[in-house]
Amino acid sequence: MPYEDTGNYLIVDDSTGDSTDVWGMPVPSPDGQRFVLTSLDDDEESDIGNISVWRMAGRTPQKEFSIDGQNWRSSDPVWRDSVTIDFTMNTSWSPDDPFRYVKTRARLARTKTFAAAPTVTLTGKAQSCHPGLPIRLVDVGGVKVSAFRVDSVPSLMAYLHAFDTTGVSNEASMNILDTLSTKADSVARISKALGRAVSDSLGIFRFTIPVTDSVLIYATWYDDGDTFPEAHITMSGRTSREFVLDIAHGGCSPPGS
């Protein structure tokens with residue numbers, strides 16, 4: 001039950017009247033033996049705890065597992081069974097707006113004890129050509145970026161491969177490229193992503209995702225002067241890394257270089 005407008009809840013034993021004060025709304029497991037607390041409330045501005053699993057020892061709740069002090073907050077817990085919890089990792093990526101989050105689904109699973117699935121952080125910087133001289137790369141904000149498991153988006157990968165291997169020779173080939181670009185964007189919009197983000201004023205975007213063999217980074221932006229405002233890159237998702245997403249498609253080299 002909620003406790004006096006504090007944001008805390010009381011777990012009350014209806015037989016003895018004994019109570020336990022917890023910092024979030026308990027979400028019980030299917031067998032009623034555990035419950036989980038997550039740290040984001042409805043206005044997404046909670047600053048306490050992170051994620052915590054409690055078990056019932058007889059009729060008394062006891063904390064079994066918790067994660068604190070990470071660069072993300074938890075929300076939307078769903079028990080898949082009595083020992084597995086899916087939840088959303090909300091990673092703050094903008095120092096100017098600490099409550100603007102990149103949302104990534106994650107999982108806790110219990111073997112002998114609960115443990116979070118290992119994650120990696122992919123930090124990218126969107127860059128393009130400076131519109132003038134000297135020719136140089138500059139940071140680009142407002143780029144919409146999505147991360148996908150490569151093996152989960154075969155249609156998108158096929159469209160992007162066809163786009164990359166289609167030469168520009170005449171109007172017909174431009175029409176083919178336009179069709180492929182439109183189809184790729186449509187598939188990317190509806191496909192389940194590991195995470196979605198928008199680059200900040202320094203071009204930076206970030207994903208904290210489960211360890212993944214191969215990740216597709218797919219980006220779009222608004223630019224009247226760019227016929228196909230789309231860029232993509234694939235990389236390993238097994239270790240954390242930093243990378244540059246060149247939305248100029250490698251076309252920012254001085255003449256003759």
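Within segment 189-200, is there a residue that is more than 16 Å from residue 231 (Cβ to Cβ), of a type outside the set (Asp, Glu) and touching a residue at least 60 places away in the same chain (Cβ under 8 Å)?
Yes: segment 189-200 contains one or more residues that are more than 16 Å from residue 231 (Cβ to Cβ), of a type outside the set (Asp, Glu) and touching a residue at least 60 places away in the same chain (Cβ under 8 Å).
Looking at 247, 209, 204, 233 in this structure, which one is without any contact (Cβ under 8 Å) to a residue 40 or more places away in the chain and in contact with a strand residue (DSSP E or B) (Cβ under 6 Å, 6 or more places away or on another chain)?
Details: 247 fails: without any contact (Cβ under 8 Å) to a residue 40 or more places away in the chain; 209 fails: without any contact (Cβ under 8 Å) to a residue 40 or more places away in the chain; 204 fails: without any contact (Cβ under 8 Å) to a residue 40 or more places away in the chain.
Exactly one residue qualifies, and that residue is 233.
State the number of residues belonging to segment 88-113 that are surrounded by 13 or more Cβ atoms within 10 Å (Cβ to Cβ) and either modelled with pLDDT under 65 or under 19 Å from residue 206 (Cβ atoms) (or both).
Taking segment 88-113 first, the residues surrounded by 13 or more Cβ atoms within 10 Å (Cβ to Cβ) are 88-94, 99-110.
From the residues that got through so far, the ones that are either modelled with pLDDT under 65 or under 19 Å from residue 206 (Cβ atoms) (or both) too are 88-94, 99-106.
Total meeting the criteria: 15.
Given the condition under 30 Å from residue 176 (Cα atoms) and polar (S, T, N, Q), answer yes or no: does some residue in segment 237-244 qualify?
The answer is no, given that none of the residues of segment 237-244 is under 30 Å from residue 176 (Cα atoms) and polar (S, T, N, Q).
For segment 143-180, which positions are within 17 Å of residue 245 (Cα to Cα) and out of contact with any strand residue (DSSP E or B) (no Cβ under 6 Å at 6 or more places or on another chain)?
Result: 164, single match.
One line per residue, one yes/no per condition, for (1) aliphatic (A, V, I, L, M); (2) surrounded by fewer than 21 Cβ atoms within 10 Å (Cβ to Cβ):
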residue: 186; (1), (2): no, yes
residue: 190; (1), (2): yes, yes
residue: 197; (1), (2): yes, no
residue: 202; (1), (2): yes, yes
residue: 207; (1), (2): no, no
residue: 210; (1), (2): no, yes
residue: 215; (1), (2): yes, no
residue: 222; (1), (2): no, yes
residue: 227; (1), (2): no, yes
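Taking the condition in a helix (DSSP H, G or I), at pLDDT 90 or above and among the aliphatic types (A, V, I, L, M), does residue 188 pass? Spell out how you get there, then give the answer.
Numbers: in a helix (DSSP H, G or I): yes; at pLDDT 90 or above: yes; among the aliphatic types (A, V, I, L, M): yes.
Criteria met by residue 188.
Just checking, which of 82, 39, 66 is modelled with pLDDT of 80 or more and in contact with an Asp or Glu (Cβ under 6 Å, 6 or more places away or on another chain)? Steps first, please.
Numbers: 39 fails: in contact with an Asp or Glu (Cβ under 6 Å, 6 or more places away or on another chain); 66 fails: in contact with an Asp or Glu (Cβ under 6 Å, 6 or more places away or on another chain).
Just one listed residue meets the conditions, 82.
Which of the numbered conditions does residue 145 fail, given that it passes all the others? Conditions: (1) surrounded by fewer than 19 Cβ atoms within 10 Å (Cβ to Cβ); (2) under 16 Å from the mean Cα position of the chain (by Cα).
(1)
Return the residues of segment 211-232 that are at pLDDT 80 or above, out of contact with any His (no Cβ under 8 Å at 6 or more places or on another chain) and farther than 22 Å from residue 107 by Cβ; say none if nothing qualifies.
Matches in segment 211-232: 220, 221, 222, 228, 229, 230, 232.
State whether the residues of segment 163-185 include one that is of a type outside the set (A, V, I, L, M, F, W, C), in contact (Cβ under 8 Å) with a residue 60 or more places away in the chain and either farther than 20 Å from residue 124 by Cα or outside any loop (DSSP other than H, G, I, E, B) (or both). Walk me through how you get there before you give the answer.
The initial filter retains those residues of segment 163-185 that are of a type outside the set (A, V, I, L, M, F, W, C), namely 164-167, 169-171, 173, 175, 178-179, 181-183, 185.
If we keep only those that are in contact (Cβ under 8 Å) with a residue 60 or more places away in the chain too, we end up with none.
No: zero hits.
The values are calculated or read from the model by the stated rules, or taken from the named source; none is laboratory data. Predicted, not measured: the structure shown is a model, and the values here were computed from it. Note that we place each Cβ from the backbone using ideal geometry, even for glycine, and neighbour counts take in every protein chain shown.
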